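All of the numbers you see were taken from the coordinates with simple rules; none came from a lab. The shown structure was predicted, so the numbers you read here are calculated from the model rather than taken from an experiment. Here Cβ is always computed from backbone atoms with ideal geometry, including for glycine, and neighbour counts include all displayed protein chains.
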Amino acid sequence: MVFILSLVSVGASAQEITCDAFCLTDVRMDSSAPNILYVTLFFAGDNDDFINYPWISEVINEQGDTIGVGTWNFFGQFGNTSNDYPVTVEFDSIPDNFNATMVFQYDTSVCLLSFPCTNTGNENANENDHVRIYPNPSPGLIHIDSPGKWDNESWVLHLVDLQGHLVVETQLNEESTIDLSFLNKGMYFLLMKGNKGWQSVVLVKN
C-alpha cells in the first residue's frame, strides 16, 4: 500500500510575521462557564499566512497585575481570519471601560497586545509622546526617555517576568536609567503607565 502525503504551502513564515499583524477586536464572557473570557484576535495578512500554537497566556490590568491566564492551543491560525481564545479570569462580568494588556504567544514569539486594539494604549498618542527604551536587548542598564514633552506627567514602570511576577516597580523621570543586571537572562514585559495612557514593550535581558 502506498500513502501519498500532500503538503500545503503557506505564505510568510512565523519569523517574518510581526506583532503589528495582530489586533484584539472583542472580549466576551462565556455564558455557560463562569470566569471564562473569550478574546477575539484578528490576524492581518495573506490568506496563506499561518502561525502555530497561538494562545493568550496572560491578561494584565492597568495596574500591572495578572488577572487572567490562558491555555496553550495545539492548533494554529491563518492570516486574514479572527479566532476566539479562552482565558480564565478573576471576574465573572467584564468591567466597565475594560482595558488590558494581553500576552499573546505563537511559535517562539511573544507579543504584548492592548485591548482595545491600539498601538500604545492611548488613542490620542502621537509619535512625540512615545517613550523610548534602549538598548534592547540589554546586558543590564536600560535608558528610558521621551523625545517629546512629558508635560509634568507621572510615569510608573512595571517589569513582569514570563510567570507574571512583578520584579521591578519604579517611578520614571523624563530621562531614567535603570540597572537590571541582577535579573536572569530572558524575556520580560515592561509596562509603563502615565496619566494619559500606557505603553508596553517586550524587553530582553542578555
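The simple spin-label model puts a point 7 Å past each Cα toward its Cβ; for residue 48 and residue 63 those points are separated by 5.0 nm.
Using the count of nearby Cβ atoms within 10 Å as a rough guide to exposure, how do 143, 165, 158 rank from fewest to most?
Lowest count first: 165, 143, 158.
Arranged from fewest to most other beta-carbon atoms within 10 Å of their beta carbon, 185, 193 become 185, 193. Fewest neighbouring Cβ atoms within 10 Å first, the residues 78, 104 line up as 78, 104.
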